[in-house]
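The values are calculated or read from the model by the stated rules, or taken from the named source; none is laboratory data. All values reported here derive from a predicted model rather than from experimental measurement. Cβ sites come from the backbone with ideal geometry, for glycine too, and all protein chains shown count toward neighbours.
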């Protein structure tokens, strides 16, 4: 009965709860005390199954919530990507500083190399 669907687990839970109630009613009808009812192995088994099903329901609910959150994030990213594609990329305006730096670089040219000094010849 290992199902990963929430409605199935809910049905299983109600089935085992009903069986547990019937077992308790049967044991009380037989005249057993509360202590003896608590020791009944069949009732313990039914309660253990109920506990197991509760855990499975919690896991299924958690996974469903995670799937929803993941789907929302995917849709959000997709919308952002579409918006980025449709919006033209904004060109950066040249600031005064960058324009001044470029102008200064063109004005400053490397000075020509100085001619070597001629040595006087001894005659």
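Here are a few things to note about the model shown:
- Test for residue 17: is it under 32 Å from the mean Cα position of the chain (by Cα) and either surrounded by 15 or more Cβ atoms within 10 Å (Cβ to Cβ) or not in a helix (DSSP H, G or I) (or both): no
- Output for the range 40-82, where each listed residue is surrounded by 11 or more Cβ atoms within 10 Å (Cβ to Cβ) and farther than 26 Å from residue 8 by Cβ: 40
- One residue from 28, 39, 91 being at pLDDT below 65 and farther than 22 Å from residue 4 by Cα: 91
- Residue check for residue 85: more than 30 Å from residue 4 (Cβ to Cβ) and at pLDDT 70 or above: yes
- Filtered residues of the range 1-13 (kept if in a helix (DSSP H, G or I) and under 13 Å from residue 52 (Cα atoms)): 9, 10, 12, 13
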